Amino acid sequence: MSDIVTNHKARRDYHILETYEAGIVLHGTEVKALRAGKGQIADAFARVEGDQVFLHNAHIDEYTHGNNQNHQPKGVRKLLLHKAEIRKLTALSAVKGNALIALSFYWKNGKVKVSLGVGKGKHEFDRRDDIRERDSDRELKRATMKYSKGK
């Protein structure tokens, strides 16, 4: 399981409540472009429409060796989930403040999968707390490393 593209802003801007693995409907040139590492999901989000889930704003560059039947870079792509999962996502996304965010694209058994997260937006003070906590953990590790080397 190797990541193709990762959304680094997602965990910074959202508290991820749950994650789901979804398949994605791609055309041949999209898969080839992803194999070349030409994708970006920083602004990608999912939306439940009826009884289906679609991924919006995922940018997959056009394949350089493609022809006139190349794909649209910012096209809407269908996600493949079980009905029970779609029902859960419908209920979770209906809650005010929750969003469905694409966390990463990765390979699994030769197929492209999407890690989809249900996130609640962080406020500015939440982000500051995360930074403060990360800095204190880093200083603590440094102090313990220094102490353990001193012995």
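The values are calculated or read from the model by the stated rules, or taken from the named source; none is laboratory data. What you see is a predicted model; the values in this text were computed from it and never measured. Heads up, the Cβs are rebuilt from the backbone with ideal geometry, glycines too, and the neighbour counts pull from every protein chain shown.
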Scan region 118-133 for residues that are surrounded by 10 or more Cβ atoms within 10 Å (Cβ to Cβ) and in a helix (DSSP H, G or I) and report the count.
-> 8
Scan region 69-87 and give yes if some residue there is in a helix (DSSP H, G or I), in contact (Cβ under 8 Å) with a residue 12 or more places away in the chain, of a type in the set (Lys, Arg) and more than 17 Å from Ala10 (Cβ to Cβ), otherwise no.
-> yes
Every listed condition ((1) of a type outside the set (Gly, Ala, Ser); (2) in contact (Cβ under 8 Å) with a residue 40 or more places away in the chain; (3) surrounded by 14 or more Cβ atoms within 10 Å (Cβ to Cβ)) holds for Lys108 save (3)
Pull up region 81-95, narrow it to residues that are surrounded by fewer than 14 Cβ atoms within 10 Å (Cβ to Cβ) and at pLDDT below 90, then point me to the one that is nearest to Leu55 (Cα to Cα).
-> Ala94
For region 1-14 the number of residues that are surrounded by 15 or more Cβ atoms within 10 Å (Cβ to Cβ) and in a strand (DSSP E or B) is 4
Of the residues Lys9, Lys78, which is among the basic types (Lys, Arg) and modelled with pLDDT under 90?
-> Lys9
Those residues of region 96-137 which are of a type in the set (S, T, N, Q) and over 21 Å from the mean Cα position of the chain (by Cα) amount to Ser136
Tell me, yes or no, whether region 66-77 has at least one residue that is of a type outside the set (Gly, Ala, Ser) and under 15 Å from the mean Cα position of the chain (by Cα).
-> yes
Have a look at Ser148, Ser93, Ser136, Ser115 and point out the one that is in a helix (DSSP H, G or I) and under 17 Å from Ala10 (Cα atoms).
-> Ser93
Residue in region 16-56 that is surrounded by the most Cβ atoms within 10 Å (Cβ to Cβ), counting only those that are assigned to a helix (DSSP H, G or I) and of a type in the set (Val, Ile, Thr) = Thr29
